[in-house]
Structures are given as C-alpha cells and as structure tokens.
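Quick notes on the structure that follows.
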Amino acid sequence: MTDTVQVVVIGGGQAGLAAGYHLRRQGLDFVILDADPAPGGSWQHMWDSLHLFSPAEHSSLPGRLMPTQPGETYPGAGHVVDYLADYEKRYDLPVQHGTRVEAVRRDGDWLLVEADVGAWRAWAVISATGSWSRPFLPAVPGRSSFTGRQLHTVNYRSPADFAGQRVVVVGGGNSGAQIAADLALNGQVDVTWVTQRPPRFLPDDIDGRALFDVATARRRALDAGRSDTGGVASLGDIVAVPPLRAARDGGLLHPKPMFAQLTADGVRWADGSHAAADAVIWCTGFRPVLSHLAPLNLRGPRGHIATDGTRALGEPRLHLLGYGDWTGPASATLIGVGRTARDGVREIAGLLT
Ligand code: FAD
C-alpha cells in the first residue's frame, strides 16, 4: 500500500526533527521516517564519555531550549538523546521509527519514497540522514595485514574495552582528539595519537557558540561576493573541551605524524620506526548517507549533490538538510540546523501553495 502525504522527511535525528517543527508550523501534512528504532539520531550511538562542545542553551533546536544538565556545563550525549526524545513528543512529530528508506524515485508529479515497510508518495522530500552510518576509512598500505582490532569512531564506547592494551588513534579532528584524551586519561591504556598534520586546537575560550557565528559570517561573505574568510577551519580543528584540556595540560597527549603503513602487529613510519599496537581506532570522518537518492541520478563527479541552499539543483522537490556547510552554515550542528530547516521548509511551502 502507498500512503500519500505532502512531505516525507527521511531521517529523524536533530535535522529531521527541526524540519518537522517547521513543517508543523507551516501546517503541512508530513511523515518522518527514521531507520533507528528509538529517538535520538546518532547521539544514541556515541561513546560513553562524549560531551557537547557547547553549553545546553547554545545547543538547541527551534522552539525549545535544551535544559541544562545538572552539574555539567557541556551536556553529555545521553542528555541530548533525552532532549530529542522529548522534542519529538512535545511537538507531536509523526516520526515512524524502525523504517529504513531504500529508494526515492520520480513518479510523474510525485516523488515515490520506498522503505522496507511500505511506500509513500509525496510532493516534496527532505533528506536528513546524516553521516553516522557511513564511516570513512582511508586507504592505507597494509591495512588488511594488521592482526589486531580495527575500529572506527562509530564503534568506540569506552576506555574499559582497551585496558592494558596499546592503542593507536588516527585523526586530528574532534573525534580523534577526544578519543585519544579519553583513553589517555583512563591511565590503563598505552595511547599513540597520530594525525595527518599537527593538531590545531582552537583557543580555549572558543566553543561551539563561536563556531556557529563564524560559519554564518563566512556564508554571508561568500553570498555577498566578498573573499572567503576561511570559516571555522581558519581558527583550528579541535574544540578544547574540558577533558581534552586536562589531557593536553597534563602532558598526556603526544601527537605523532601519520604512519606510512600498518604491519601485522602495529604501525610503521616512513623513517622505519615502529609502534606495536593491539588496536587501531580510525577517527577519520564520515561521508553523507545518500545512497537512497541514487535513482534520482543527482550525484556529481565527486559524489556530492549540487544544491542551492537546501534545494537540490537537479530536483527542486528534494531538499538536503543537516549534512554540513554545503547544505547551510553550521547545518550539521544542533544550533545551526534550525535556520536552514526553516528556510528549506519555507521554500517547500511556497512550492506547494
Ligand atoms: P543523525 O543524528 O545521524 O540522524 C540521522 C537519522 O537518519 C538517524 O536517526 C538514522 O537512523 C536516520 N537514517 C539514516 N539513513 C536512513 C534511511 N535510509 N532511512 C531512514 N532513516 C535513515 N554538533 C553540535 O552541535 N555540538 C556538538 O558538540 C557536536 N559534537 C559531535 C561529536 C561527534 C563525535 C560527532 C560525530 C558529531 C558532533 N556534532 C556536534 C555534529 C552533529 O550535531 C551530529 O553529527 C548530528 O548528529 C547530525 O544530525 P543529523 O540529524 O543530521 O544526523
């Protein structure tokens, strides 16, 4: 059976919920299809000690401030899950959990959304599937010869899983730095932190609040034809959240350059030096989850879908939300996604009326 609605939102993480808030305000008829059986998007899968890099009041979706978490300036991932679950209920958002969309196709005037449990016909589709389920691992010589454990950020839970082990953490972004610090602070793990270029910490007084402002200023400069300010990347890569500062200031982090290859029992640098390892944790980022859009044939040569704001250039009934700056300034953050969700939904409402 095929249901018909005005708008289908694919993904019920923070981006999908922000879209739902604005769709409700516009009075549109919609459904949110989410593959996860429970609310919270990717926050429910993050590691145990993860805390936001912004205080609660600067990590809110439209309409409802995130409550502060008692005793914590920077709330933990579990607090975000609770907030999103409450948000879903408070605004009575029609989220259908446990529903994975497999394909979106053109069907005359409609878009047909095919999921594992049924199909929906819609005038417009908002894709908000994030990147968590598409971890990226770089091609590094010898990766298949390593006999220890290899994990990605998405598989890391806690230092207790590595007690007494030698662990190489790869990645100079926030995930790599935070996981290296988490392991080092535990005291029972021998950590080697490896980065492609020397890690660049943001000044200690800069947290997620400033990141949103900087990303917005950059977008405005580019839109006005002024020169590129370089955005957040010009300031540094790593937000110095409190545990990270503690590890750094305690002299527990000794970043090394990227190794040249993996061996059976560890990693080897170009100068021939070698570190034995029981596990390698790849904190090497993510790619947008877009495979369900393949039938629309929108992907350019580098795998991206060209957009104007959130609207796909090759299919005006499709909007992409929350994937990164290419779908709106800071749109892959809690504080940033609300504005792009509002603009995208306004465009859709304009199209429908
Ligand atoms: P997700 O949270 O990934 O949600 C996507 C949803 O889509 C999921 O529920 C998934 O089940 C569903 N889905 C996927 N594919 C399908 C499909 N085919 N059919 C149906 N459903 C599907 N941001 C901040 O603002 N502050 C921070 O401190 C911060 N820290 C971060 C730390 C880490 C380690 C990471 C990785 C990110 C962090 N971010 C932070 C960035 C950002 O807030 C998250 O990446 C955010 O979860 C993205 O939200 P989303 O809704 O776009 O995607």
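The values are calculated or read from the model by the stated rules, or taken from the named source; none is laboratory data. As the structure is a prediction and not an experimental result, all values here were calculated from the model. Using ideal geometry, Cβ is built from the backbone for each residue, glycine included, and neighbour counts are taken over all protein chains shown. Heads up: the accessible areas ignore ligands, DNA and RNA and are worked out on the full protein's heavy atoms, side chains in. Shrake-Rupley method; radii C 1.70, N 1.55, O 1.52, S 1.80 Å.
What percent antiparallel are the DSSP beta bridges of the chain, to the nearest 5?
45
How many percent of all Cα-Cα pairs in the chain sit more than 30 Å apart?
41
Mind telling me which of S291, S49, S273 comes out most flexible in a GNM of the chain, alpha-carbon contacts under 10 Å?
S273
Between Y156, Y87, Y323, where does the largest GNM mean-square fluctuation fall for the chain, given springs only between Cα atoms within less than 10 Å?
For the chain, modelled as a Gaussian network with Cα springs under 10 Å, the answer is Y156.
What is the Cα radius of gyration of the range 72-180 over 2.2 N^0.38 Å, N being its residue count?
Computed over Cα atoms of the range 72-180, the ratio equals 1.53.
Quick check: with the 1.4 Å probe, what order do D325, D92 take by accessible area, largest first?
D92, D325
Whole number in Å², please: accessible area per residue of the chain, 1.4 Å probe, ligands, DNA and RNA not counted.
45
Taking the Cβ of Q44 as the center, what net charge do the other residues with Cβ under 13 Å away carry, scoring Lys and Arg +1 and Asp and Glu -1?
On the way: positive: R157; negative: D34, D36, D48, D82, E88.
Taking every other residue near Q44 into account, the sum is -4.
How large, in percent, is the carbon and sulfur part of the accessible surface of the range 226-349 at a probe radius of 1.4 Å?
The value for the range 226-349 is 53 percent carbon and sulfur by accessible area.
Taking only Cα atoms and a 10 Å spring cutoff, compute GNM fluctuations for the chain and point out the largest among D249, D82, D48.
Taking springs between Cα atoms under 10 Å, the residue moving most is D249.
From largest accessible area down, sort M66, M258; use a 1.4 Å probe on the protein chains.
Of M66, M258, the descending order of accessible area is M258, M66.
Would you work out which of L17, V239, G250 lies farthest towards the positive end of the dipole of the chain? Charges go on Cβ: Lys and Arg +1, Asp and Glu -1.
V239
Pop out the carbon and sulfur fraction of the accessible area of the range 20-125 as a percent, whole number, probe 1.4 Å.
C and S atoms contribute 46 percent here.
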